[in-house]
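To start, the structure itself, in structure tokens.
Each value in this text was obtained by applying a stated rule to the coordinates, not by laboratory testing. Bear in mind the structure is a predicted one, so any value in this text is a computation, not a measurement. Cβ sites come from the backbone with ideal geometry, for glycine too, and all protein chains shown count toward neighbours.
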């Protein structure tokens, strides 16, 4: 039986599985710093257990721990371990901050031993973060993980890592030197033979049935496509945990999904990754306006998890462009190399859902973070404009009220647009006319409460359209979207939503 955990004890779970190994331990990991894990691996080497690690080169390690970690790796190597480095980088740091030379393309996280296959969202570092793990003990899953370890080895490591170059050139049908050009801002020549701007789209699969397996994205399946397909298949709920959430296209996709199907969406993200920039603020408010629940944890959150009523996804993918992947043109796809475990086992889904909700229910509403960014502005407003002083409590309450009204404004936009789409459908047109727009405005106000003709005309006077009210009401009555009761007009909501 598979076991799922979502808490701050994931490193202990990994160490426990290392201790059980009798024949081999294979680890593919973005970062390995933890000294206790190094010590356990050395013990296993002394017991004639084979240890093989695929990770990033030493210059990817933080300066404050690099010397210690490099020495620990060297000790493993001296004791017989095999340590391979994935040197490839993807992106264009001349135009974007998605790749900066020392943060290489590989971002995956999994381990396999002769006893267990371990899917991770965690790096094996010293920080005690909220993360998740799934452990399997069946031979089939162990074989799948072994095959994926070999896939990474063959694609990125063997023949000095040049198999990837050959795959790209074969897909292009020619040696495309421009794709492998080292960006001008990268001065270190060690990256010269290991840089690709993006991949041919044909190398990054986006079709086929989704299986219960461990995927290496984007080559075996694009992470963005996997996420969208699994969410589209959800019937009741979508629960997401992500360390960072900055992808605007994914936000739009989620909103379209909610508007079309009305499923329950909950998102959990770490407060430390929430910089509440203007762009992020807009994204969050759009989601909140569409009834998405978003919460942040006080503890550092690193977990990358997607749960629906049908499937569970655990791996290394955050909701940002480089993890999900994105299209540069129809010919090219840019993405980091990620690991994603997908399963539809009902018992595993139950464990994951309970684990997610246990963390989510203790987390803080993201509105608190949004309001916190307003507090300083309110203090300045009151003191400089009105010569007033205010307590921290007053500023906090004022900020919460501002956020509430900003979210309500976003909600107004989406509600009106949704009604416009329905009116255009009834008018059999994909082009919204002025009449369609005004009809939608009247329906919006009637969806809140009943109005008489004069009240509706006053609403339209804000946009100088009060003289159109008679024709608008006649059309809406004819289409049976509203009905008249005495002097008042009332919406027929069942017709509008049909």
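I'd like the orientation of helix 248-261 relative to the chain: the angle between its Cα long axis and the longest Cα principal axis, in ° from 0 to 90, rounded to 10. For helix 248-261, the angle is close to 60 degrees. Can you tell me the FRET efficiency between residue 46 and residue 66 if r is taken as the Cβ-Cβ distance and R0 is 30 Å, rounded to the nearest 0.05? The calculated FRET efficiency here is 0.70. Simple spin-label estimate for residue 175 and residue 330 gives 3.0 nm between the two label positions (7 Å along the Cα-to-Cβ direction from each Cα).
One Cα centroid belongs to segment 395-422, the other to segment 425-498; the line between them spans 21 Å. Label positions at residue 392 and residue 36, each projected 7 Å from the Cα along the C-beta direction, are separated by 3.5 nm. Fewest-first ordering of 470, 484 by other beta carbons within 10 Å of each residue's beta carbon gives 470, 484. Could you work out how far helix 469-478 tilts from the main Cα principal axis of the chain, as a 0 to 90 degree angle to the nearest 10? Taking Cα atoms only, the helix is inclined about 70 degrees. Using alpha carbons only, how many angstrom separate the centre of segment 188-205 from the centre of segment 61-97? Centre-to-centre distance over Cα atoms comes out at 18 Å.
Here segment 58-149 has an Rg and Dmax of 15.9, 46 Å, counting Cα atoms alone. Take every Cα pair under 8 Å whose residues are at least 6 apart in sequence, average their separation, divide by the length of the chain, and the relative contact order is 13 percent.
Once every DSSP H run of n ≥ 4 in the chain is given -39500 (n - 2.57) and the sum is divided by its residues, what mean residue ellipticity at 222 nm do you get, rounded to the nearest 500 deg cm²/dmol?
About -13000 deg cm²/dmol.
One chain, two ends: residue 380 and residue 429. Fully extended at 0.36 nm per residue, the span grows by 12.7 nm beyond their Cα-Cα distance. Between rounded, prolate and oblate, where does segment 374-498 land on the alpha carbon gyration tensor, with a ≥ b ≥ c its root eigenvalues, rounded for a/c under 1.5, else prolate if a/b exceeds b/c? Judged from the Cα gyration tensor, segment 374-498 comes out prolate (a/c at least 1.5, a/b above b/c).
Peptide packing: for 225-232, 19-26, the average count of neighbouring Cβ atoms within 10 Å per residue gives the ranking 225-232, 19-26, highest mean first.
When only C-alpha pairs under 8 Å and at least 6 residues apart count, what is the relative contact order of segment 193-281, in percent?
About 24 percent, as a whole number.
Rounded to the nearest 5, what is the percent of antiparallel bridges among the DSSP beta bridges in the chain?
Percentage antiparallel, nearest 5: 65.
For segment 1-149, relative contact order (Cα pairs under 8 Å, six or more residues apart, normalised by length) works out to 34 percent. The angle between the Cα long axis of helix 392-426 and the main principal axis of the chain comes to about 80°, on a 0 to 90 degree scale. Full extension of the chain between residue 114 and residue 205 yields a length gain of 29.7 nm, computed as 0.36 nm times the residue separation minus the alpha carbon distance.
Between residue 137 and residue 452, the contour length at 0.36 nm per residue exceeds the alpha carbon distance by 106.6 nm.
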